[in-house]
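For reference, the structure is listed below as structure tokens.
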Amino acid sequence: MFIEQSIREDNKFWKYIIGSVLIVVVWTIGQLPLLFAVMVKSMADGNGFPLDETTLMTTLDSNTTLFLLMLSTVFAIAGVYIAQRFIHKQPLLSMLTARPKLDWNRIFFAFLVWAVLSALSALADYWMNPADFVIQFKPVPFLILFVIAVLMVPIQTSSEEFLFRGYLMQGFGGLARNRWIPLVLTSVIFGLLHIANPEVDKMGNIVLIYYIGTGFFLGILTLMDEGMELSLGFHAANNLVGALLVTADWSAFKTHAILKDVSEPSAGIDIILPVVIVYPILLFIFSRKYKWTGWQEKLTGDIHLTQPTTPTETFKNDE
């Protein structure tokens, strides 16, 4: 139902190609404020040009950098909305869930579960390996970080979910007319787009196992639950806890977090553990709570076009 509701005879795949280009262009425009601010500061400091990635991420205060980075994702969401509303002529809700309205209880449940588990995991790591961390808590910078993170990080994570588990999942589903191809493609693309992250540069391409595995986990959540509410909550909790609790010089988010990891990073069990153990446990928890059935059909089955032909009629159906 989630993928099917986007498929109409006039909603061809070439529209998703145009929409994707539009989203990338709008998102790129959203990065200009950060680039401009860094350029001005760099010139004022007498450093001039060119600007490499290190300069881009360290010239400004980390709170300012985080805010401007997150600001670009506001543009990305705007791009997704424009594409969905004016290119595909469908309501944004049809890209988010098969339910008549967004289920906020699902979002909050997934957020709470993963926020608690990831925070406990980070604190346990600190308790077992205290030499690997330093406490860098400073009340004022942390309070500013907290406000920015609470406001902006959910926007950042939602922009990724809108694009991958919503827009592209439905686009590839309409093209392939099955569920496994969009699941594979969106998961792999999601993982590969993180290849420029400093963690990958520091620990090697093996880290992509975690990113691609996370893409599969979020895609399975979306397909099994017929909507992206659970993936929205999980993703927001994952990045928010990371931004507030633990940072490192080699992490994607360099923030005024409470703890700073000063250990030498290496790709080990912590890369594989979430994918092969933690994510399956979470899938079991969600499946029991929401009574999922028909795993093979929902994840690998063909798409049967039984939905109404107009998007407004779609929401009259029961989930």
Original post:
For segment 201-223, what are the residues that are crowded, with 19+ Cβ neighbours inside 10 Å, free of Cβ contacts under 8 Å to residues at least 60 places away in the same chain and within 19 Å of LYS254 (Cβ to Cβ)?
Top reply: TYR211
Original post:
Looking at (1) at pLDDT 95 or above; (2) touching a strand residue (DSSP E or B) at 6+ places or on another chain (Cβ under 8 Å), which is the one condition that is false for ILE77?
Top reply: (2)
**OP:** Just need a number here: residues in segment 284-302 that are open to solvent by less than 70 Å² (accessible area, probe 1.4 Å) and free of Cβ contacts under 8 Å to residues at least 60 places away in the same chain.
**Re:** 1
Original post:
Which pairs do you get when a residue that is open to solvent by less than 50 Å² (accessible area, probe 1.4 Å), found in segment 137-165, comes within reach of a residue that is of a type in the set (D, E, K, R), reach meaning Cβ atoms under 9 angstrom, with the pair 6+ apart or on two chains?
Top reply: PRO141/ASP61
Subject >> Odd one out for SER266, checked against (1) loosely packed, with under 13 Cβ neighbours inside 10 Å; (2) modelled with pLDDT under 75; (3) over 29 Å from ILE206 (Cα atoms) >> reply: (3)
Original post:
Do you know which residues across segment 176-200 are among the hydrophobic types (A, V, I, L, M, F, W, C) and open to solvent by less than 40 Å² (accessible area, probe 1.4 Å)?
Top reply: ALA176, LEU183, PHE190, VAL200
Subject >> Matching helices (runs of 4 or more DSSP H) fully within segment 1-59 where at least 3 residues are open to solvent by less than 30 Å² (accessible area, probe 1.4 Å) >> reply: 13-30, 32-44
Original post:
Which condition does ASP249 not pass, out of (1) under 26 Å from PHE162 (Cβ atoms); (2) touching a strand residue (DSSP E or B) at 6+ places or on another chain (Cβ under 9 Å); (3) open to solvent by 30 Å² or more (accessible area, probe 1.4 Å), if it passes all the others?
Top reply: (1)
Original post:
Between residues in segment 256-283 that are closer than 29 Å to GLY219 by Cα and residues that are open to solvent by less than 60 Å² (accessible area, probe 1.4 Å) and among the charged types (D, E, K, R), which pairs lie under 8 Å by C-beta distance while being six or more apart or on different chains?
Top reply: PRO265/GLU199
Subject >> Among (1) in a strand (DSSP E or B); (2) open to solvent by less than 30 Å² (accessible area, probe 1.4 Å) - the single one LYS260 does not satisfy >> reply: (2)
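Does segment 97-133 hold any residues that are among the polar types (S, T, N, Q) and either more than 19 Å from TRP292 (Cβ to Cβ) or open to solvent by 40 Å² or more (accessible area, probe 1.4 Å) (or both), and which are they?
If the condition is that a residue be among the polar types (S, T, N, Q) and either more than 19 Å from TRP292 (Cβ to Cβ) or open to solvent by 40 Å² or more (accessible area, probe 1.4 Å) (or both), then ASN105, SER118, SER121, ASN129 are the ones that fit.
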Original post:
Mind checking whether some residue in segment 237-244 is of a type in the set (Gly, Ala, Ser), under 30 Å from ILE303 (Cβ atoms) and under 18 Å from the mean Cα position of the chain (by Cα)?
Top reply: no
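The values are calculated or read from the model by the stated rules, or taken from the named source; none is laboratory data. Quick caveat: nothing in here was measured; it's all calculated off a predicted structure. We place every Cβ from the backbone using ideal geometry, glycine too, and count neighbours over all the protein chains shown. Just so you know, the surface numbers come from the protein's heavy atoms only, side chains and all, with ligands and any DNA or RNA stripped out. Shrake-Rupley method; radii C 1.70, N 1.55, O 1.52, S 1.80 Å.
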